[in-house]
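Each remark here refers to the structure printed beneath this line.
The values are calculated or read from the model by the stated rules, or taken from the named source; none is laboratory data. All values derive from a computational prediction rather than experimental measurement. FYI the Cβ positions are ideal-geometry reconstructions off the backbone, even for glycines, and counts take in every protein chain you see.
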Amino acid sequence: MATKTRSDLPEGSPAIIFKGTVKKIKSATMKEVPISDRTAVVRVDQVIEAPRTFAHCGGQDITVELAGKKKVSVGEQFIFHANSWIFGDSVAVRAVTQERVTKEHLALMSPGGEPTEQRKNRQLQKRLNAADLVVSGKVAAVTIPPEPVPGTRGAGAPRKPVSEHDPKWRQAVIVVDQTHKGKHDSKQVKVLFPASTDVRWYKAPKFQVGQKGVFVLHKTKIKTDEHHELRGLAPRGAAGEAEVYTALDPADAHPLKQQAVIKEMIRP
Amino acid sequence: MAKKTSRKTARPAAPRKKSAGKMAASKASTNVLVVNMIPRALSGESHQDSEPTIAVNPANPLHIAGSAFTPDPGGGNLAPIFVSVDGGNTWTLKSIVPSSASDGSATADITLAFSTASNKLYAGIIRLPFPPGRPRLNILRTDNFQSGATMKVLVDRTGKGVDQPYVQAATVLNGPDQGKDRVYVGDNDFGNTPRSATIDQSLNAGKTSPAFTSVRIESRSPAGQDGPPVRPAIHPDGTVYAVFHSWLTFDSNDEGTADIVVVRDDNGGNGPNKFKALVDSGDSKAGIRIVKNVKFNFDGFLGLQRTGGDVAIAVDPSNSSIVYVAYNDDDGADYMLHVLRSTNRGVTWSGDLRTVRNALNPALAINSAGKVGLLYQQLTGSGPTQRWVTKFESSTNGTTWSAMTLATVPANTPPKQFDPYLGDYEHLMSAGKDFYGVFCANNTPNKSNFPKGVTYQRNANFTSHTLLDVDNATPVDVSIDPFFFKVPG
């Protein structure tokens, strides 16, 4: 049975999932942790899903701030769903939920599964579920988005504020070989992506002419009035808004060799 | 006419014309502390942890917070801050800043400041995610930076976008407002173009739900907008200065000209004519143009670090009439750092007290004895032997400077992961007579890179010059890390 009580943590799925054994209650693995009734030293038996910085914790003792108020005992095993708390000489996490380990859990846990891959796959699955169009194809061109036609809305408007966080939009033209999800009328699809290498945008895929791959595309409404360089995308007479495909997440572009795996992951 | 700065190219950094300012004979300084802030449990990381700031708690200088573009190690929805409770000797990472896991668990800008007597820590951040082209301002507070509780959101504004929030804070020490925290966040608010230079201020930021007011400090008509850096400096007597980059021209190649403008408020921003105490005799407008018509390139680079016009400011804590400003401009193909001073509350200004070629990220502080500290990063050498040299200089009179090298590291490794490579700023402050600062640099464990010594928390072999993972055996790639330092006054 899961203990699910925390409201003091941010929304969203916890990023760290591991199986652990409680070794000591009201204790911690480093002095910087404020010890309470709910802090425990836990041995990490198996990291199930985690970023690289936690994946090495298998076999180590860490500090867990337990979720809920239910009593736990030394020696009990739990599946912890947690967020990071303190990284110092040791690691402390804050559990969002902890579930007693059942036979069902054990059956689901593939021994030797790579925790970072599990996390990556879950993130990809999320992007695929949210995608409007998933295609395989080749990037035929990368262009600066078109300027508005003189005399139309937005033409000649003053340049908008300049910021180092400007996405520097580019438009990639993809020649589609196969459509794996969604519908698109043409053999070509245009995708907006940020060419900027600023800290805000560097992780977004940067399309290159000749690049072959599987592309996970998302319909996005953009207010062209607020994006100087996109004014030319607004349909004539439209109220400064354009619906475009974007690819903004690292999981939105994959090499062609991933095609079979991605097709398998797309839900019908 | 000066040669046009080439865009997107590293400037040559060979020694050139003599820089301004006399250098004192180098005196070996004892007890300089330099610490790599990455904790041991993150020994395996190789992220570009650039753009650092620190905040020393004036009420307890053992308590120091730091920040950089460091993501949450757990990949969650909170970005971390660095925390030290022993004066910067050791550091942990605590994730308490609102962010977004799907956008990298970090921020797109972050600065920190403790108020002087309340123990409250404030942050100005660009919060992720934000709509393209419209950075989202958050002003945050925690009453106990050790607690691990998520920082409280005091301001959450996207509007048309807000850039480079830079927070400073002070507690009112006497008078009717005694005990109240005054917080000033300098930022570039696209919701008020072209006069975008703004101070978002609260005169009682410590209360449960403080009100913040956007004070527009640009009185002229800049070319579309002001530049990103807007930096406030607070004196305990209620004087608040701010410096900003007032754009005069800006062309389609992202090159422009600007005035460096200083504004002042004598009542902590509490009155009808906020930040209008200084009037320029040339055009009778608020804000003294301390340097006119400097050149900048918003798309320029010095080595792997982008440029675009830096500014910094510090006021003497024992005399609010004395204020120093540092700024950068394009000088031919070079990026020149300048330091100026006013001794009459910003009314008139010296010429260059100090210039440094091809140096950026100036940070200034003045200690309780009136000594001014200057931190910067200079690109030296050429080609593959180029190095980023991080220097701390100090002066008791503004004309004779004593310099120490804190770090000298290869400039072209590691490769850049994103912009900014080192940061669009670094930070220096004083507490009493001591100077505290932070910079980012290549983290190769090589003692000759750190002439004043260095301590690593992360695993490292200083003999083989290799970083090691948490197992203390597996090699880890070199990356950019934040380094804390303390120079006794």
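Inside the stretch B:404-489, counting only strands (runs of 3 or more DSSP E) that do not spill past its ends, which hold 1 or more residues that are farther than 29 Å from residue B:117 by Cβ? Can you show your working first?
On the way: elements: B:427-431, B:434-442, B:466-468, B:480-487.
Fully inside the stretch B:404-489 and qualifying: B:434-442, B:466-468, B:480-487.
Among the residues of the stretch A:95-103, is any of a type in the set (A, V, I, L, M, F, W, C), in a strand (DSSP E or B) and out of contact with any helix residue (DSSP H, G or I) (no Cβ under 9 Å at 6 or more places or on another chain)?
Narrowing the stretch A:95-103 to residues of a type in the set (A, V, I, L, M, F, W, C): A:95-96, A:101.
Adding the requirement that they be in a strand (DSSP E or B) leaves A:95-96.
This time we only want the ones that are out of contact with any helix residue (DSSP H, G or I) (no Cβ under 9 Å at 6 or more places or on another chain), so: A:95-96.
Yes: the stretch A:95-103 contains one or more residues that are of a type in the set (A, V, I, L, M, F, W, C), in a strand (DSSP E or B) and out of contact with any helix residue (DSSP H, G or I) (no Cβ under 9 Å at 6 or more places or on another chain).
Please go through the stretch B:407-421 and pick out each residue that is more than 14 Å from residue B:380 (Cβ to Cβ) and not acidic (Asp, Glu).
If we filter the stretch B:407-421 for residues that are more than 14 Å from residue B:380 (Cβ to Cβ), which is where we start, we get B:413-421.
Correct list: B:413, B:414, B:415, B:416, B:417, B:418, B:420, B:421.
Which one is farthest from the other protein chains (Cβ to nearest Cβ) among residues in the stretch B:56-78 that are more than 22 Å from residue A:47 (Cα to Cα) and assigned to a strand (DSSP E or B)?
Of the stretch B:56-78, the ones more than 22 Å from residue A:47 (Cα to Cα) are B:56-70.
Now narrow it down to the ones that are assigned to a strand (DSSP E or B): B:56, B:64-67.
On the way: B:56: 18, B:64: 14, B:65: 13, B:66: 13, B:67: 13 Å.
Filtering first and then ranking leaves B:56.
Using the structure shown, decide if residue A:63 is on the phi < 0 side of the Ramachandran plot, of a type in the set (Ser, Thr, Tyr), buried (at least 17 other Cβ atoms within 10 Å of the Cβ) and at pLDDT 95 or above.
On the way: on the phi < 0 side of the Ramachandran plot: yes; of a type in the set (Ser, Thr, Tyr): yes; buried (at least 17 other Cβ atoms within 10 Å of the Cβ): yes; at pLDDT 95 or above: yes.
Yes.
Filter the stretch B:79-92 down to the residues that are in a strand (DSSP E or B) and under 20 Å from the mean Cα position of the chain (by Cα) and list them by number.
Taking the stretch B:79-92 first, the residues in a strand (DSSP E or B) are B:79-84, B:92.
Those that are in a strand (DSSP E or B) and under 20 Å from the mean Cα position of the chain (by Cα): B:79, B:80, B:81, B:82, B:83, B:84.
Is it the case that residue B:466 is without any contact (Cβ under 8 Å) to a residue 24 or more places away in the chain, buried (at least 16 other Cβ atoms within 10 Å of the Cβ) and in contact with a strand residue (DSSP E or B) (Cβ under 6 Å, 6 or more places away or on another chain)?
Values: without any contact (Cβ under 8 Å) to a residue 24 or more places away in the chain: yes; buried (at least 16 other Cβ atoms within 10 Å of the Cβ): yes; in contact with a strand residue (DSSP E or B) (Cβ under 6 Å, 6 or more places away or on another chain): yes.
For residue B:466, the condition - without any contact (Cβ under 8 Å) to a residue 24 or more places away in the chain, buried (at least 16 other Cβ atoms within 10 Å of the Cβ) and in contact with a strand residue (DSSP E or B) (Cβ under 6 Å, 6 or more places away or on another chain) - is met.
A quick yes/no check of all residues on (1) surrounded by fewer than 17 Cβ atoms within 10 Å (Cβ to Cβ); (2) within 20 Å of residue B:373 (Cα to Cα); (3) at pLDDT below 95; (4) in contact with a Cys (Cβ under 8 Å, 6 or more places away or on another chain):
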residue: B:401; (1), (2), (3), (4): no, yes, no, no
residue: B:409; (1), (2), (3), (4): no, no, no, no
residue: B:414; (1), (2), (3), (4): no, no, no, no
residue: B:425; (1), (2), (3), (4): no, yes, no, no
residue: B:429; (1), (2), (3), (4): no, yes, no, no
residue: B:435; (1), (2), (3), (4): no, yes, no, no
residue: B:442; (1), (2), (3), (4): no, no, no, no
residue: B:447; (1), (2), (3), (4): yes, no, no, no
residue: B:450; (1), (2), (3), (4): no, yes, no, no
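Could you grab me the full set of residues in the stretch A:68-101 that are surrounded by fewer than 15 Cβ atoms within 10 Å (Cβ to Cβ) and at positive phi?
Residue satisfying the conditions is A:75 alone.
Given the criterion over 26 Å from residue A:163 (Cα atoms), polar (S, T, N, Q) and over 22 Å from the mean Cα position of the chain (by Cα), identify the matching residue among B:253, B:267.
Details: B:253 fails: over 26 Å from residue A:163 (Cα atoms).
Checking each option against the conditions leaves just B:267.
So for the stretch B:126-142 (the condition being of a type outside the set (Ser, Thr, Tyr), in contact with a helix residue (DSSP H, G or I) (Cβ under 6 Å, 6 or more places away or on another chain) and more than 10 Å from every other protein chain (Cβ to nearest Cβ)), does at least one residue qualify? I'd like the intermediate steps shown before the answer.
The initial filter retains those residues of the stretch B:126-142 that are of a type outside the set (Ser, Thr, Tyr), namely B:126-141.
Now drop any that are not in contact with a helix residue (DSSP H, G or I) (Cβ under 6 Å, 6 or more places away or on another chain), which leaves B:128-129.
Checking which are more than 10 Å from every other protein chain (Cβ to nearest Cβ) leaves us with none.
No - not one qualifying residue is present in the stretch B:126-142.
Results for (1) over 18 Å from residue A:161 (Cβ atoms); (2) within 19 Å of the chain's Cα centre (by Cα); (3) surrounded by fewer than 20 Cβ atoms within 10 Å (Cβ to Cβ), shown as yes or no for each residue.
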position	(1), (2), (3)
B:177	yes, no, yes
B:194	no, no, yes
B:209	yes, no, yes
B:235	yes, yes, no
B:241	yes, yes, no
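Output the residue which, of all residues in the stretch A:226-265 that are at pLDDT 90 or above and farther than 23 Å from residue A:203 by Cα, is surrounded by the fewest Cβ atoms within 10 Å (Cβ to Cβ).
Among them, the one singled out is A:264.
From the set of residues in the stretch B:296-350 that are assigned to a loop (DSSP other than H, G, I, E, B) and among the charged types (D, E, K, R), which is surrounded by the fewest Cβ atoms within 10 Å (Cβ to Cβ)?
First pass over the stretch B:296-350, keeping only residues assigned to a loop (DSSP other than H, G, I, E, B): B:298-300, B:303-304, B:307-310, B:317-318, B:332-333, B:343-350.
Cutting the leftovers down to among the charged types (D, E, K, R) gives us B:299, B:310, B:345.
Details: B:299: 15, B:310: 26, B:345: 18.
Once the filter is applied, the top-ranked residue is B:299.
Assess whether residue A:118 counts as being polar (S, T, N, Q), within 14 Å of chain B (Cβ to nearest Cβ) and over 28 Å from residue A:266 (Cα atoms). Steps first, answer last, please.
Values: polar (S, T, N, Q): yes; within 14 Å of chain B (Cβ to nearest Cβ): yes; over 28 Å from residue A:266 (Cα atoms): no.
Here the answer is no, as residue A:118 does not meet what is asked.
Within the stretch B:286-295, restricting attention to residues that are in a strand (DSSP E or B) and not β-branched (Val, Ile, Thr), which residue is nearest to residue B:416 (Cα to Cα)? Break it down into steps so the answer makes sense when it comes.
Taking the stretch B:286-295 and keeping what is in a strand (DSSP E or B), we get B:286, B:288-295.
Imposing the further condition that a residue be not β-branched (Val, Ile, Thr) reduces the set to B:286, B:289, B:292-293, B:295.
Values: B:286: 41, B:289: 36, B:292: 34, B:293: 32, B:295: 26 Å.
Checked the stretch B:286-295; the qualifying residue nearest to residue B:416 (Cα to Cα) is B:295.
How many residues, within the stretch B:243-275, are surrounded by fewer than 19 Cβ atoms within 10 Å (Cβ to Cβ), within 25 Å of residue B:124 (Cα to Cα) and of a type in the set (Gly, Ala, Ser)?
Of the residues in that region, 1 qualify.
List pairs: first in the stretch B:353-373 and farther than 26 Å from residue B:330 by Cβ and without any contact (Cβ under 8 Å) to a residue 60 or more places away in the chain, second among the small types (Gly, Ala, Ser) and surrounded by fewer than 24 Cβ atoms within 10 Å (Cβ to Cβ), Cβ under 9 Å, 6+ apart or cross-chain?
Cβ pairs passing all conditions: B:370/B:318.
Taking the criterion of being more than 14 Å from chain B (Cβ to nearest Cβ) and touching a helix residue (DSSP H, G or I) at 6+ places or on another chain (Cβ under 6 Å), would at least one residue in the stretch A:132-143 satisfy it? Don't jump to the end; show me each part of the working.
Taking the stretch A:132-143 first, the residues more than 14 Å from chain B (Cβ to nearest Cβ) are A:132-143.
This time we only want the ones that are touching a helix residue (DSSP H, G or I) at 6+ places or on another chain (Cβ under 6 Å), so: A:136.
There is at least one residue in the stretch A:132-143 that is more than 14 Å from chain B (Cβ to nearest Cβ) and touching a helix residue (DSSP H, G or I) at 6+ places or on another chain (Cβ under 6 Å).
Within the stretch A:192-228, can you find the residues that are β-branched (Val, Ile, Thr), part of a strand (DSSP E or B) and either away from chain B (no Cβ under 14 Å) or in contact (Cβ under 8 Å) with a residue 60 or more places away in the chain (or both)? Before the answer, list the steps.
Of the residues in the stretch A:192-228, the ones β-branched (Val, Ile, Thr) are A:197, A:199, A:209, A:214, A:216, A:220, A:222, A:224.
Now narrow it down to the ones that are part of a strand (DSSP E or B): A:214, A:216, A:220, A:222.
Correct list: A:214, A:216.
Considering only residues that are of a type in the set (Ser, Thr, Tyr) and crowded, with 22+ Cβ neighbours inside 10 Å, which ones fall in the stretch B:359-389? Steps first, answer last, please.
Within the stretch B:359-389, the subset of a type in the set (Ser, Thr, Tyr) is B:368, B:376, B:380, B:382, B:385.
Passing the criteria: only B:376.
Might you check whether a residue that is within 28 Å of the chain's Cα centre (by Cα), of a type in the set (Gly, Ala, Ser) and within 12 Å of another protein chain (Cβ to nearest Cβ) occurs anywhere in the stretch A:30-52?
Within the stretch A:30-52, one or more residues are within 28 Å of the chain's Cα centre (by Cα), of a type in the set (Gly, Ala, Ser) and within 12 Å of another protein chain (Cβ to nearest Cβ).
If I filter the stretch B:46-55 down to residues being closer than 21 Å to residue B:362 by Cβ and part of a loop (DSSP other than H, G, I, E, B), which single residue comes out as farthest from the other protein chains (Cβ to nearest Cβ)? Explain how you work it out, then say what you get.
In the first step, residues of the stretch B:46-55 are kept if they are closer than 21 Å to residue B:362 by Cβ; the result is B:49-55.
Now narrow it down to the ones that are part of a loop (DSSP other than H, G, I, E, B): B:49-52.
Details: B:49: 11, B:50: 8, B:51: 8, B:52: 13 Å.
The qualifying residue farthest from the other protein chains (Cβ to nearest Cβ) is B:52.
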